[in-house]
Each structure stands twice: as C-alpha cells, then as structure tokens.
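Taking it in order: structure first as structure tokens, then the write-up.
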Amino acid sequence: MEPSVLLINCCRLPDDERIEEYVKWLEPHFEVVVIRVDDLTTSQVGQDAVVVSDSEQLLSDKPQYESMEITPVLKSLYLETTKPLLGIGYGHCALAATWGAEIIPKRYIHRKAIESERMEAIEGFYYTVGPLVAPAPMLVPKASYLEGLNDITLLQNDEFLEGLGTYFAAFECYKEQVRRNHALKRNFIILAESSTCKVEAIRHKKSPLWAIQFHPERSGASGHQIAANFAKIVTQNSQEEGIQ
C-alpha cells in the first residue's frame, strides 16, 4: 500500500495548474490529498507525510512583489510535526524562516533570454556568449537568478538525495532564497548548493524536515529520484511509528 501525503497548496489560486504538476510528480509513490494553505486548521496531520508547495507570494522585503506572512497553522506544523515534511520553493523558505533563518530577495533574470549552456564565469560574473534576446552580450552578477535547469552540487550525503550523484540537474524558478549563515546552520544541515544559490537543499538536525529551493516536479529524472527517496523515508518512518 502506498503511503499518503498531504500536499499543501500555497499558490494564490486553488486550481493553479502548477499544483497538478506536483500531484503528477507525487502520484507514482503516494496517495495524494491536496489542501489550500488557508484551509489548514490544525498542525495534526492524518496523512503519512507533508509536502508544502511553492508560491508566487514572497517572504522577503521586495516592494514590487506582494509579501506573504506564514500562517500560524503552517508555522505550528513546521515546528511540531513528527511526520516527514518536504518544503519546495516558498515551502523551503517558509520552513527555514520559521526556524529563525533569514530570507533575502534575489534578482530575477529569465533564462529564456540566455542560451544557458553557453555562459562563462569571469571574475564573479557570468558572461553570456550565446545568442541573446538583447542585441549584445551582457554581464549578469552571479547572485542573479536564472530560470531553467541548473547544476546542483551535493555537499553532504543524505537519504533524501540518494542516487543523484555529486552533481545533478534541477529546475530553478524563484525570486528569493535562504541566507547561508549561523541562523540557518543552528537548526539545519545544508545538503546542496549551486553557483547561483548557496542553500539549495537542507535537512533539520533533529526533526524529519527537508526543504529544497529547486523544483523536483519539473526536474525530470532527478526529480523522480527525489520523489522515490522521499517515499522510502516516509514508509520507513511509518513502520517505525507502527512498531512504537
């Protein structure tokens, strides 16, 4: 029997098409139940696990985007649950922020404007040498966000990222990120990074909480591996709880 997962939809619209991508990604391994974050009334979850989705709303102070507070029930869930939980995008930032980490805005540059496979690092900048929408090449600071597939580097072995190797490709799409500092490291282990984001994946030191900045539901083979790994973690956790 497949384990069950509560997918918390943090998007503005209840029928946002992105949620269907999460469902299709999870369904080979889980029985999926979807709930809007605003409809979450308790931190006591009946399912075997929790996934918190991304959102177009932000936590960082960036005037051109609408800011979103973390709901009290979601905070309680992050702090109290003993069920395996995975935060993605906004869910990643909200988890880290709930445990005291700092969330910072990130400059947005759409990767469709750049042929991403033809970029060279020059003195702290990516110098685009491929075709551009703009009439000439441009300098893009490394801190900038580029939408599309990105190379992720594994920093520490973990069952959640098992089978992906030291380097793997994942889809990026975000406008803010978790700051890598002592506030984060007090409660979390940093599992992965990339050249554009120093906190791509984290695991809580004591609770079964994981979070990723990138989007596994849009990352092909690596995303499918992550779903399988998370299902294995959930199954093991359920078996251990059954024994107790």
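Values in this text are rule-based calculations from the coordinates and carry no lab data. Since this is a predicted model, take the numbers as computed values, not measurements. Don't worry about glycine lacking a Cβ; one is built from the backbone with ideal geometry, like all the others, and counts go over all protein chains shown.
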Looking only at the stretch 142-196, count every residue that is surrounded by 16 or more Cβ atoms within 10 Å (Cβ to Cβ), touching a Phe, Trp or Tyr at 6+ places or on another chain (Cβ under 6 Å) and of a type in the set (D, E, K, R) and tell me the total. 2
Taking the criterion of being within 16 Å of residue 100 (Cβ to Cβ), out of contact with any Leu (no Cβ under 9 Å at 6 or more places or on another chain), charged (D, E, K, R) and assigned to a helix (DSSP H, G or I), would at least one residue in the stretch 181-191 satisfy it? yes
Go through the stretch 197-211 and give me each residue that's in contact with a Phe, Trp or Tyr (Cβ under 9 Å, 6 or more places away or on another chain) and either at positive phi or not small (Gly, Ala, Ser) (or both). 197, 199, 200, 202, 203, 204, 205, 209, 210
Tell me, which strands (runs of 3 or more DSSP E) wholly within the stretch 1-84 include 1 or more residues that are among the basic types (Lys, Arg)? 31-36
Among the basic types (Lys, Arg), within 12 Å of the chain's Cα centre (by Cα) and within 14 Å of residue 83 (Cα to Cα): does that describe residue 203? yes
Across the stretch 7-55, which residue is surrounded by the fewest Cβ atoms within 10 Å (Cβ to Cβ) among those that are farther than 22 Å from residue 225 by Cβ and within 16 Å of the chain's Cα centre (by Cα)? 11
